[in-house]
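The values are calculated or read from the model by the stated rules, or taken from the named source; none is laboratory data. All values derive from a computational prediction rather than experimental measurement. All Cβ positions, even for glycine, are placed from backbone atoms using ideal geometry, and neighbour counts span all protein chains on display.
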Amino acid sequence: MKRREFLQGVAAAAIAGLPVDAPLAADSADGAHFYDALKPFGNVGLLHITDCHAQLLPIRFREPNVNLGAGASRGRPPHLVGEAMLRHFGIAPGTRDAHAFTYLDFEHASRAYGAMGGFAHLSTLVKRLRADRPGALLLDGGDTWQGSATSLWTRGQDMVDAAKLLGVDVMTGHWEFTYGTARVKEVIAKDFAGHVDFVAQNVRTSDFDDPVFAPYVIKQVNGIPVAIIGQAFPYTPIAHPRYLVADLSFGIHDERMQKVVDELRSKGAQAVVLLSHNGMDVDLKLATRVSGIDVILGGHTHDGVPQPTSVANRGGKTLVTNAGSNGKFLGVLDLDVRGGKVADVRYRLVPVFANLLAPDKDMAALIERLRKPYAAKLDETLAVTEDLLYRRGNFNGSYDQLILDALMAEKNAQIAFSPGFRWGTTLLPGDPIRYERLLDQTAITYPYVTVTKMTGETIKTILEDVADNLFNPDPYYQQGGDMVRVGGMRYAIDPTALIGKRITRMELDGKPIDAKKQYTVAGWAPVSEAARDAGLEPIWDVAARWLRSQKTVRARQVNMPKIEGIASDPGMA
Amino acid sequence: MNADRRQVLKTGGGATLLALLAAAGWIPSAWADAPGWSKADFDAHTMDDALKALGAGKPAASGDIAFFSTPDIAENGGVVPIGVNSKLPNTESIAILVDKNPFTLAALFDFPAGTEPTISTRIKMRETSNVHALVKAGGKYFVTSKEIKVTLGGCGG
C-alpha cells in the first residue's frame with residue numbers, strides 16, 4: 001500500500017527507467033516535476049532532518065555497498081544495499097531515486113544528477129512544503145553541529161545559526177556533545193531559547209540521576225496537540241571521550257520511555273513522535289518494547305530508508321524511519337489525526353537534489369557570510385584524486401584507505417587504525433582534495449594521532465571489541481558505527497560469530513600476527529584524557545602533509561577483510 | 001534543590017551525614033551487626049564457589065526477577081548501576097553476582113518480612129560479563145541474568 005503510493009509519488013522518475021549506461025542529462029525528464037508529488041495529506045505535517053554533519057553546501061555522498069544486518073536484522077531494512085534495496089522498495093534503476101538511495105553507478109549518476117543537500121536548497125524545499133502544511137514542524141535529529149571545518153572552528157555556531165534560519169523547532173543530539181556539556185547548555189540558553197526545543201529523555205546527571213534536558217515538548221500543530229520526545233545517542237559517553245560529558249549519563253532507558261509516553265497520553269497528546277538518535281536497529285527493538293509511540297523519526301545509523309518499517313507492540317504499532325545523512329534527504333511525515341489519535345499516515349524520504357531547487361536567498365547569504373572568514377583556508381587544494389573517494393560501508397572505504405596510508409607513511413607505522421565513522425563526503429575521480437574536503441573526514445574535537453606499540457593480542461582484542469559493537473545480534477549492544485578501518489594488516493571476519501571468535505587470520509606482510517610480539521600501530525581519535533594532554537598532532541595535519549607531498553593521489557588498494565560465515569546477503573554487494 | 005543535595009555531600013562530609021541519618025532513624029544503629037554478612041560468600045572467586053558458599057545449589061531461572069535501570073553497555077566499569085526487583089513471594093534476599101569479577105559476589109541484600117524486595121546499587125566490573133540477580137524466596141533460590149558489556153570505547157558513528 002505505502003510502497004505503491006511511494007511509487008506513484010515518484011512516478012515520473014520510475015517511468016524514466018533509464019538504463020544504467022544511458023547518458024543521463026543533468027536535468028532529464030524526471031527532474032522538472034520531481035517535487036510535484038509532495039501533496040499534503042491529513043492535518044499534521046512533520047518534517048525531519050538528521051545527521052547532516054554540518055554540510056551547509058551541496059555535497060556528494062555515496063551510500064554503502066556493505067551494510068550487514070546482525071542476527072534477526074539480516075536482509076531487513078535498513079540492511080539492504082544496491083539492487084536489493086531497489087527491489088525491496090520498488091525503485092526503478094537508473095533514476096534519481098536509485099542514485100539517492102544506493103551506491104549503484106555512483107560516479108556516472110552523480111555527475112548527471114549533481115550534488116545533493118545544502119541548506120539553501122533544503123530551505124527552499126522546507127518552505128515549499130510548509131506553505132501547504134499549516135503549522136508543520138521541522139525536527140532535527142542531531143549530528144548537526146559536527147562534520148565540517150567551519151562547524152569545528154566555530155564550535156557548532158555556524159550550524160546553530162543556519163538551523164535557526166531554516167526554522168528548526170525541536171532538536172536532540174549526539175556529536176553536539178563532543179563540544180562538551182557546557183557548550184550544549186550554552187547554545188540552549190543563548191541561541192535556542194524561544195526558538196528551538198532541545199529534548200532528550202535519556203540524559204541524566206551521573207550523580208543523582210536528575211534530568212538535564214526537557215524530555216519532550218508538546219506542540220500545537222494545526223490545533224492538534226502533538227508530543228515530540230527526544231532520545232539522544234545512548235552511547236555518547238562510551239563512543240566518545242568520557243571527559244567531554246563527564247557528569248552526564250545516557251543509555252536507552254526504555255522503561256522510562258514508556259512512562260514518558262504514558263504521561264503524554266494522559267496529558268492529552270493526540271500524536272506521539274520519538275525524535276531519536278538511537279540508530280535504526282535500536283529503534284526497531286525499542287518499538288517492540290515501548291507502546292504508544294506513533295512514529296519514530298530516527299537517525300544515527302545514516303540509513304536512507306525510503307519507507308518506514310511497521311513494528312507491532314502491545315499498544316498497536318509503531319512506524320520506524322531513518323532519514324539518511326549529510327543533508328541528502330528530508331523526511332516528510334503527514335499524519336491524519338482524528339478522534340484523538342493518528343488515523344492514517346503518509347511518509348516519504350525525499351532526496352534533496354541541489355540542481356532541482358533554487359537556493360533560498362537568505363540562507364545562501366548566511367552561508368556565504370559564515371564561510372567568508374575561512375575561505376582561503378577551506379579552498380586550499382592539497383592534491384587531486386584520480387579515484388572515487390568515499391567512506392561509508394561496514395569495513396573500509398577508499399577515503400579511509402587514504403587516511404590509513406597517510407598515517408602509516410607519515411608515522412612510519414606497520415599498522416594503522418581509523419575509526420569507522422559514517423559521515424564524510426564523497427569525491428569523484430579528478431576532483432581536487434581541498435582542505436575543506438579533508439576536514440569533512442576528520443573534523444572532531446579529539447583529533448589526536450597516536451603511535452603505540454601493541455601486542456598481537458591487544459590488536460585482536462580491539463578488533464573483537466569494535467566488531468561486537470557492530471555485529472552483536474542484540475541491537476541494544478550495538479553502537480551504530482562501522483568497523484574500525486585497518487591498514488597494513490590483513491584479517492578475516494565472521495560477523496555471525498560471537499565476540500572473541502569473529503576475527504581470524506591476522507597477517508602482516510604474509511606472516512601471521514604473533515599474539516606476544518609488539519607492532520607499531522598508528523591511529524587517531526583516542527578517547528583517553530592522557531592522549532588529549534600529550535600534545536599530539538591532529539589527524540588533519542598529518543593527512544594534509546602527506547597529501548601535499550603526493551600532489552596526485554593514485555587509486556588506493558582498499559584493504560578489505562575477508563568476510564566469512566556469509567555466503568550472500570542483501571546487505572552486501 | 002539538586003545543587004543543595006550536592007552541597008550537603010561536599011561540605012557535610014561522610015561522618016556528619018551518617019550521624020544525621022542515624023539520628024533521623026534512617027539507618028539502624030546496630031549496622032555492624034546486621035545479619036547475613038559472611039566473609040566466605042564474598043571471598044568466592046567463581047560462580048560455582050559463590051553459589052556453594054551461599055548455599056544456593058543450582059538456582060532455577062525465574063521471570064519474576066527483573067533488572068531495571070541497568071545498562072547493556074556500561075558507561076564506566078568502575079560504577080555500573082544495577083537495579084533489581086523481585087516479584088517472588090517471600091523474597092528473603094537478593095544477591096548480585098558477576099561471573100568475571102575477581103570476587104564473584106558483588107552485593108547481598110537481606111529483606112525483613114514486609115519489605116519491598118527492590119534494590120538499586122552500583123558495582124564495579126573489570127570486563128564484559130554476565131551479571132546474575134540471585135533471589136532467595138521461601139527458602140529456595142531463583143536467578144535472572146543479563147550481559148553487561150565493558151568496552152574499550154571510541155569508534156562510534
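Within the stretch B:149-156, identify whether any single residue is out of contact with any helix residue (DSSP H, G or I) (no Cβ under 7 Å at 6 or more places or on another chain), within 14 Å of another protein chain (Cβ to nearest Cβ) and among the charged types (D, E, K, R), and answer yes or no.
The answer is no, given that none of the residues of the stretch B:149-156 is out of contact with any helix residue (DSSP H, G or I) (no Cβ under 7 Å at 6 or more places or on another chain), within 14 Å of another protein chain (Cβ to nearest Cβ) and among the charged types (D, E, K, R).
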Q: Scan the stretch B:27-70 residue by residue and report those that are modelled with pLDDT under 75 and among the β-branched types (Val, Ile, Thr).
A: B:Ile27
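Within the group A:Val527, A:Val553, which residue is among the β-branched types (Val, Ile, Thr) and under 23 Å from A:Arg502 (Cβ atoms)?
Working: A:Val553 fails: under 23 Å from A:Arg502 (Cβ atoms).
Going through A:Val527, A:Val553 in turn, just one is among the β-branched types (Val, Ile, Thr) and under 23 Å from A:Arg502 (Cβ atoms): A:Val527.
For A:Gly339, are the conditions met, namely being farther than 17 Å from A:Leu139 by Cα, surrounded by fewer than 16 Cβ atoms within 10 Å (Cβ to Cβ) and without any contact (Cβ under 8 Å) to a residue 12 or more places away in the chain? Before the answer, list the steps.
On the way: farther than 17 Å from A:Leu139 by Cα: yes; surrounded by fewer than 16 Cβ atoms within 10 Å (Cβ to Cβ): yes; without any contact (Cβ under 8 Å) to a residue 12 or more places away in the chain: yes.
Spelling it out, A:Gly339 is indeed farther than 17 Å from A:Leu139 by Cα, surrounded by fewer than 16 Cβ atoms within 10 Å (Cβ to Cβ) and without any contact (Cβ under 8 Å) to a residue 12 or more places away in the chain.
Return the residues of the stretch A:374-397 that are aliphatic (A, V, I, L, M) and either touching a residue at least 12 places away in the same chain (Cβ under 8 Å) or touching a helix residue (DSSP H, G or I) at 6+ places or on another chain (Cβ under 8 Å) (or both); say none if nothing qualifies. Give the derivation first.
Keep residues of the stretch A:374-397 that are aliphatic (A, V, I, L, M), which gives A:375-376, A:378, A:382-384, A:388-389.
A:Leu378, A:Leu382, A:Ala383, A:Val384, A:Leu388, A:Leu389 - these are the residues of the stretch A:374-397 that are aliphatic (A, V, I, L, M) and either touching a residue at least 12 places away in the same chain (Cβ under 8 Å) or touching a helix residue (DSSP H, G or I) at 6+ places or on another chain (Cβ under 8 Å) (or both).
Can you name every residue in the stretch A:508-529 that is more than 13 Å from chain B (Cβ to nearest Cβ) and under 32 Å from the mean Cα position of the chain (by Cα)?
As a first pass, look at the stretch A:508-529 and keep what is more than 13 Å from chain B (Cβ to nearest Cβ): A:508-522.
A:Thr520, A:Val521, A:Ala522, listed by residue number.
Conditions (1) buried (at least 24 other Cβ atoms within 10 Å of the Cβ); (2) outside the structural domain of A:Ser310 (by TED's automatic domain parsing), marked per residue:
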| residue | (1), (2) |
| --- | --- |
| A:Gly75 | no, yes |
| A:Gly82 | no, yes |
| A:Arg87 | no, yes |
| A:Thr102 | yes, yes |
| A:Phe106 | no, yes |
| A:Leu138 | no, no |
**Q.** Any chance A:Asp468 is away from chain B (no Cβ under 12 Å), more than 23 Å from A:Tyr399 (Cα to Cα) and under 28 Å from the mean Cα position of the chain (by Cα)
**A.** no
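Any chance you could count how many residues in the stretch A:476-495 are away from chain B (no Cβ under 14 Å) and either within 20 Å of A:Asp283 (Cα to Cα) or β-branched (Val, Ile, Thr) (or both)? If you could, list the steps in order and put the result at the bottom.
Taking the stretch A:476-495 first, the residues away from chain B (no Cβ under 14 Å) are A:487-495.
Still in the running and either within 20 Å of A:Asp283 (Cα to Cα) or β-branched (Val, Ile, Thr) (or both): A:493.
Qualifying residue count, the stretch A:476-495: 1.
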Q: State all residues of the stretch A:443-454 that are surrounded by fewer than 24 Cβ atoms within 10 Å (Cβ to Cβ) and out of contact with any Asp or Glu (no Cβ under 8 Å at 6 or more places or on another chain); if no residue qualifies, say none.
A: A:Ile444, A:Thr445, A:Tyr446, A:Pro447, A:Thr450, A:Val451, A:Thr452, A:Lys453, A:Met454
Q.
Taking the criterion of being surrounded by 24 or more Cβ atoms within 10 Å (Cβ to Cβ) and not in a helix (DSSP H, G or I), would at least one residue in the stretch A:434-441 satisfy it?
A. no
Q: Please indicate, with yes or no, whether at least one residue in the stretch A:456-465 is within 23 Å of the chain's Cα centre (by Cα) and under 30 Å from A:Ile59 (Cβ atoms).
A: no
**Q.** From the options A:Ser148, A:Ser123, residue that is crowded, with 24+ Cβ neighbours inside 10 Å and of a type in the set (Gly, Ala, Ser)
**A.** A:Ser148
Q: May I ask you to list the residues in the stretch A:530-559 that are charged (D, E, K, R) and within 26 Å of the chain's Cα centre (by Cα)?
A: A:Arg532, A:Asp541, A:Arg556
Q. Does the stretch B:65-100 hold any residues that are facing another protein chain (nearest Cβ under 10 Å), free of Cβ contacts under 8 Å to residues at least 60 places away in the same chain, polar (S, T, N, Q) and out of contact with any His (no Cβ under 9 Å at 6 or more places or on another chain), and which are they?
A. B:Asn76
Q: Determine, yes or no, whether A:Asp262 is surrounded by 19 or more Cβ atoms within 10 Å (Cβ to Cβ), without any contact (Cβ under 8 Å) to a residue 40 or more places away in the chain, away from chain B (no Cβ under 11 Å) and not aliphatic (A, V, I, L, M).
A: no
Q. Within the stretch A:220-239, which residues are buried (at least 20 other Cβ atoms within 10 Å of the Cβ), in contact (Cβ under 8 Å) with a residue 60 or more places away in the chain and assigned to a strand (DSSP E or B)?
A. A:Val221, A:Val226, A:Ile228, A:Ile229, A:Gly230
Q: Output the residues belonging to the stretch A:297-323 that are within 15 Å of A:Ile228 (Cβ to Cβ), within 16 Å of the chain's Cα centre (by Cα) and not small (Gly, Ala, Ser).
A: A:Leu297, A:Thr321
Q: State whether one or more residues within the stretch A:272-283 are more than 11 Å from every other protein chain (Cβ to nearest Cβ) and surrounded by fewer than 19 Cβ atoms within 10 Å (Cβ to Cβ).
A: no
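Name every residue in the stretch A:216-239 that is among the hydroxyl-bearing types (Ser, Thr, Tyr) and either within 14 Å of another protein chain (Cβ to nearest Cβ) or over 18 Å from A:Lys259 (Cα atoms) (or both), in order of residue number.
A:Tyr235, A:Thr236
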Q: Would you point out which residue out of B:Thr118, B:Thr128 is farther than 30 Å from A:Gly523 by Cα and within 14 Å of chain A (Cβ to nearest Cβ)?
A: B:Thr118
Q: Report, ordered by the first and then the second residue, all pairs with beta carbons closer than 8 Å, sequence separation of six or more or different chains, a first member in the stretch A:31-58 that is among the aromatic types (Phe, Trp, Tyr), and a second member that is in a loop (DSSP other than H, G, I, E, B).
A: A:Phe34/A:Val10; A:Tyr35/A:Leu357
Q.
With the condition being more than 23 Å from A:Tyr390 (Cβ to Cβ), modelled with pLDDT of 95 or more and not assigned by TED's automatic domain parsing to the domain that holds A:Leu428, I'd like the strands (runs of 3 or more DSSP E) fully within the stretch A:466-555 carrying at least 3 qualifying residues.
A. none
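Return yes or no: is A:Thr461 of a type in the set (Val, Ile, Thr) and more than 10 Å from chain B (Cβ to nearest Cβ)? It would help to see each step written out before you state the result.
On the way: of a type in the set (Val, Ile, Thr): yes; more than 10 Å from chain B (Cβ to nearest Cβ): no.
Here the answer is no, as A:Thr461 does not meet what is asked.
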Q) What residue, of A:Arg256, A:Arg183, A:Arg242, is surrounded by fewer than 20 Cβ atoms within 10 Å (Cβ to Cβ), within 13 Å of chain B (Cβ to nearest Cβ), under 24 Å from the mean Cα position of the chain (by Cα) and closer than 30 Å to B:Lys149 by Cβ? A) A:Arg242
